[in-house]
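Colleague: Quick one: this structure, given as structure tokens, is what I'll be asking you about.
None of the figures in this text is laboratory data; all of them are computed from the coordinates on show. None of these values were measured; they are calculated from a predicted model. Methodologically, a virtual Cβ is constructed for each residue, glycine included, from the backbone with ideal geometry; neighbour enumeration extends over all protein chains shown.
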Amino acid sequence: MDGDMTALPLVFDAPRRGTPPRHLADLTREEARAAVAELGQPPFRADQLYRHYFRGVTDPAQMTDLPAGVRDTLTEALLPGLLTVVRHQTADNGRTRKTLWRLHDGALVESVLMRYPDRATVCISSQAGCGMACPFCATGQAGLTRNLSAAEIIGQAVAAAAAMANGEIDGGPGRLSNVVFMGMGEPLANYARVRKTLDALLTPAPHGLGLSQRSVTVSTVGLVPAIRRLTEEGRNVTLAVSLHAPDDELRDTLVPINTRWNVGEVVEAADAYAARTGRRYSVEYALIRDVNDQPHRADLLGKLLAGRLAHVNLIPLNPTPGSPWDASPLPAQREFVARLRAAGVATTVRDTRGQDIDGACGQLAAADRVEGVPSVAVPVPSVEPPVELGAEGDD
Ligand code: SAH
């Protein structure tokens, strides 16, 4: 294994940058009503704003249920544009669309909308960059720029829902059905905002997108205290854990956070989550040629997961710039699957969408790729202070 690939430090504390302007989606309903009242409007106008927001209406002229004289004021005060499209890229015959967004401070993030015959899924970012330093992931290699606000995360899902409803994706108008936190960032390192996002995704209209719990997936490197916290919250969203190795020795290098919470602890925390929700969790495993795809590792993974409420989602590695690693060849993939299934572990291989637009898992690296837009990634401090993970209200 190439030692240089794991040289980045783990970063939990996002650098502090200017907070985005106040937005309805960051407020509680009471706060929203109070904010509207402060502007001299009856509090029920907050509900009207929520309805427009979650339907993706951004043009005040279309808010015809609001008096013409207050549309602009209310929009400016509570629905400022936080996400500006830099560009869309499509792939897979128009069924996959990656969007590069610019945030108020110039930070860049990406989201990917994928349409399937029976569903439409948006993969959203929870941080600009990522501090988890996984050596095979383009985002991890770019370091952490900052946490996104709840409104910046929610806005990606709202935009995807609107794109589906407006027929912007090939196949005619449709409905956004699934959200996965598998874009840039470690969602559980931005816990409070991600939790707020879950509320917005699950709450029925007009105060949310009304998605079902099982169609929302939070994917994590395995921040054990935060998984425990999610378990206590009582939400039943799908949990995905990025394992990538069944043994601590290899996982220490592939998923450096393993040096803090190891394979056994991560699986135990995920088991507790599954025990509470009654639903199985996903174990994500990127198949990397000659690194983690050996038959004996398949057997070890099978032994680890047999009898647990888990299923394995294998992801043939998507190549990232500068990495010496490749996807496992097909015969190795098939052997890996066969061994897991023989051990009694449900296993699927993930369909790789958007690879040719660098939109597939682990390829999102917005900051590096835009000509004429300065990269805003800040230098990653070489010594990170110990932090209490999942602390509420770190803003
Ligand atoms: N921080 C979260 C979300 C990351 S993206 C997490 O780690 O779970 C979602 C998945 O893509 C993770 O399992 C991640 O490990 C995986 N991934 C990252 N880089 C990849 C790559 N180059 N090829 C395939 N999968 C990758």
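Colleague: What number, in percent, do you get for the relative contact order of the chain if the mean sequence gap of Cα pairs under 8 Å and at least 6 apart is divided by its residue count?
Modeller: 18 percent
Colleague: Between R308 and D356, how high is the FRET efficiency from 1/(1 + (r/R0)^6) when r is the Cβ-Cβ distance and R₀ = 41 Å? Nearest 0.05.
Modeller: 0.70
Colleague: For V86 and A165 in one chain, what is 0.36 nm times their gap in residues minus the Cα-Cα distance, to one decimal in nm?
Modeller: Between V86 and A165, full extension yields 26.3 nm more.
Colleague: Here's another thing I want to ask about it. Let me know the charge dipole size of segment 154-233 about its Cα centre in debye, to the nearest 20, where only the beta-carbon of Lys, Arg (+1) and Asp, Glu (-1) is charged.
Modeller: 220 debye
Colleague: Report the relative contact order of segment 129-276, percent, no decimals, based on alpha-carbon pairs under 8 angstrom and at least 6 residues apart.
Modeller: Here the relative contact order equals 21 percent.
Colleague: Fully extended, how many nm does the chain gain between Q62 and D247 (0.36 nm per residue separation, minus their Cα-Cα distance)?
Modeller: Values: separation 185, 0.36 × 185 = 66.60 nm, distance 5.59 nm.
Contour length minus Cα-Cα distance gives 61.0 nm.
Colleague: Helix 295-305 versus the longest principal axis of the chain: what is the Cα-based angle in degrees, 0 to 90, to the nearest 10?
Modeller: Value to nearest ten degrees: 60.
Colleague: Any idea how far apart R51 and R119 come out in nm if each label point goes 7 Å out from Cα toward Cβ?
Modeller: Distance between label points: 3.0 nm.
Colleague: Let me ask another. Say R0 is 45 Å: what FRET efficiency, to the nearest 0.05, do R175 and R289 get from their beta-carbon distance?
Modeller: Details: r = 38 Å, r/R0 = 0.85.
Result of the calculation: an efficiency of 0.70.
Colleague: Separate question: Output ³J(HN,Hα) for segment 177-183: one whole-Hz value per residue in order, computed from phi by the Karplus curve 6.51 cos²θ - 1.76 cosθ + 1.60 with θ = phi - 60°, and x for Gly and Pro.
Modeller: Working through the residues one at a time gives 10, 10, 10, 10, 8, 10, x Hz.
Colleague: Pick out, from G143, L314, G210, the residue whose Cα sits farthest towards the positive end of the charge dipole of the chain, with +1 on the Cβ of Lys and Arg and -1 on the Cβ of Asp and Glu.
Modeller: G210
Colleague: Rg/Rh for segment 76-126 to two decimals, with Rh computed the Kirkwood way over all alpha-carbon pairs.
Modeller: In segment 76-126, Rg relative to Rh is 1.07.
Colleague: Mind listing the phi-derived Karplus ³J(HN,Hα) values for segment 45-55, rounded to whole Hz, using 6.51, -1.76 and 1.60 with θ = phi - 60°, and x for any glycine or proline?
Modeller: 4, 4, 5, 5, 5, 4, 4, 5, 4, 6, 8
Colleague: Please build a GNM for the chain, connecting alpha carbons under 10 Å apart, and tell me which residue among P187, P316, P20 fluctuates the most.
Modeller: Largest GNM mean-square fluctuation: P20.
Colleague: With the contact rule set at Cα under 8 Å and sequence spacing of 6 or more, what percent relative contact order holds for segment 23-80?
Modeller: 36 percent
Colleague: Could you give the angle, 0 to 90 degrees to the nearest 10, between helix 330-342's Cα long axis and the longest principal axis of the Cα atoms of the chain?
Modeller: The angle comes out at about 90 degrees.
Colleague: Now for a different question. Which order do the peptides 71-80, 174-183 come out in when sorted by mean C-beta neighbours inside 10 angstrom, highest first?
Modeller: Per-residue mean Cβ counts within 10 Å order the peptides as 174-183, 71-80.
Colleague: Quick query: amide H of V241 versus all other amide H atoms, modeled in the peptide plane; which residues come in under 5 Å with a sequence gap of 5 or more or a different chain?
Modeller: Long-range HN contacts for V241: T220, S282, V283, E284.
Colleague: May I ask you to evaluate 6.51 cos²θ - 1.76 cosθ + 1.60, the Karplus curve with θ = phi - 60°, for each residue of segment 197-213 and list the ³J(HN,Hα) values in order in whole Hz, giving x for glycine and proline?
Modeller: Rounded to whole hertz, the list is 4, 4, 4, 5, 5, 8, 5, x, 4, x, 9, x, 8, x, 7, 8, 4.
Colleague: Further question on the same structure: Under a point-charge model restricted to the Cβ atoms of Lys and Arg (+1) and Asp and Glu (-1), what is the dipole moment magnitude of segment 7-54 relative to its Cα centre, in debye to the nearest 20?
Modeller: 120 debye
Colleague: To continue, here is another question. Given the Cα-Cα distance of L39 and R22 and 0.36 nm per residue of separation, how much length would full extension add, in nm? Spell out each step's value before the answer.
Modeller: Working: separation 17, 0.36 × 17 = 6.12 nm, distance 1.40 nm.
Here the answer is 4.7 nm.
Colleague: To continue, here is another question. Taking H as built 1.01 Å from N, whose amide H comes closer than 5 Å to the amide H of A346, not counting residues under 5 places away?
Modeller: It is V312, by chain and number.
Colleague: Is it possible to state the helix-based mean residue ellipticity at 222 nm for the chain, with each DSSP H run of 4+ residues giving -39500 (n - 2.57), the sum divided by total residues, to the nearest 500 deg cm²/dmol? What is it?
Modeller: Here the helix-only value at 222 nm equals -9500 deg cm²/dmol.
Colleague: On C-alpha positions alone, give me the angle between the axis of helix 224-233 and the longest principal axis of the chain, in degrees, nearest 10.
Modeller: Computed tilt is about 50 degrees.
Colleague: Treating only the Cβ atoms of Lys and Arg (+1) and Asp and Glu (-1) as charged, compute the dipole magnitude of the chain about its Cα centre; round to the nearest 20 debye.
Modeller: With Lys and Arg at +1 and Asp and Glu at -1, about 1140 debye.
Colleague: Which of G171, V221, L201 sits farthest toward the positive end of the charge dipole of the chain, with +1 on the Cβ of Lys and Arg and -1 on the Cβ of Asp and Glu?
Modeller: G171
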